[in-house]
Amino acid sequence: MTDQAQDTQLGARPTELQGLDKWLTERLVTVVVGSEEKRWNVHEKLLISQSDFFKDHFAAGHDEMKLPDDDPKLFALFIRWLYGTAFLPVGGGARKFRFSQPDNKTTLGVYVLGGKFGIIGVRNAVVEVLYNYYGESSDNHKCPSMHDVLYIFENTEPAAHMRRFLVAHVLFYLFSKQRRNTPLPRDWAEVLTEHGDIGFSMIRMLAEWNWAMGHNAGRMSIKSRESFYEKMPIPVEVIKEEEDVEEIL
């Protein structure tokens with residue numbers, strides 16, 4: 001069997017493998033996660049390319065980093081995403097982060113972990129997963145657990161896009177056809193009576209819809225997934241290159 005045939009059988013294309021040299025060389029560093037001290041040996045260059053959180057630590061000369069308060073299960077999913085970005089399709093860009101079936105608590109945990117590490121890419125990947133899971137229709141809508149909403153409100157900054165994403169889906173469930181003549185989920189009372197900031201976010205979003213008494217609301221859909229993505233920062237090198245061009249011109 002030729003090498004090319006082997007690549008085809010394994011599902012890897014030669015052009016994809018060539019890009020690995022950019023990330024999967026140099027030294028390995030160790031990340032120790034959780035109270036059980038689960039250990040990962042990670043290619044340093046790949047890890048620090050995504051996060052100043054890791055870059056600052058290993059730039060100081062450390063070979064190991066301990067994260068005793070983090071969940072190894074979530075870190076394992078982060079590592080799966082991280083190495084997925086090293087395999088570039090022929091058309092360019094990174095592979096998308098996928099779960100076979102989203103477990104919201106786990107998925108949202110990866111989103112929060114991405115915030116701690118300062119990695120926008122993995123947070124946008126979680127948005128992609130949940131956007132596909134919940135869908136766009138307001139007619140028969142899945143309802144996020146209000147405890148999941150609370151988890152995000154307790155573990156993200158006020159401007160986090162995931163807050164608006166979950167609040168929008170909660171409201172779409174509230175007005176969906178399938179909920180007619182049924183009581184609100186029990187967890188709504190458990191959470192909203194204790195956490196007025198979530199209730200206020202719901203009211204504020206309703207106000208943005210500009211409905212008026214006596215007018216029937218038209219069928220609505222969730223905004224495009226891009227509306228909930230965080231913008232990737234422009235690398236310093238690119239900014240410098242643009243400045244140099246302006247000076248020359």
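The values are calculated or read from the model by the stated rules, or taken from the named source; none is laboratory data. Computed from a prediction, not measured in an experiment: that's the story for all the values here. Note: ideal-geometry Cβ built from the backbone for every residue, glycine included; neighbour counts use all protein chains shown.
Here's a check for you: in segment 81-103, which residue that is crowded, with 21+ Cβ neighbours inside 10 Å and modelled with pLDDT of 60 or more is farthest from Leu47 (Cα to Cα)? Even if it seems obvious, please write down each step before you answer.
We begin by selecting, within segment 81-103, every residue crowded, with 21+ Cβ neighbours inside 10 Å; these are 81-82, 97.
If we keep only those that are modelled with pLDDT of 60 or more as well, we get 81-82.
On the way: Trp81: 11, Leu82: 7 Å.
Across segment 81-103, the extreme among qualifying residues is Trp81.
In segment 18-35, how many are surrounded by fewer than 11 Cβ atoms within 10 Å (Cβ to Cβ), modelled with pLDDT under 95 and closer than 19 Å to Met65 by Cα?
1
For segment 55-65, which residues satisfy the criterion of being out of contact with any strand residue (DSSP E or B) (no Cβ under 7 Å at 6 or more places or on another chain) and touching a residue at least 24 places away in the same chain (Cβ under 8 Å)?
His62
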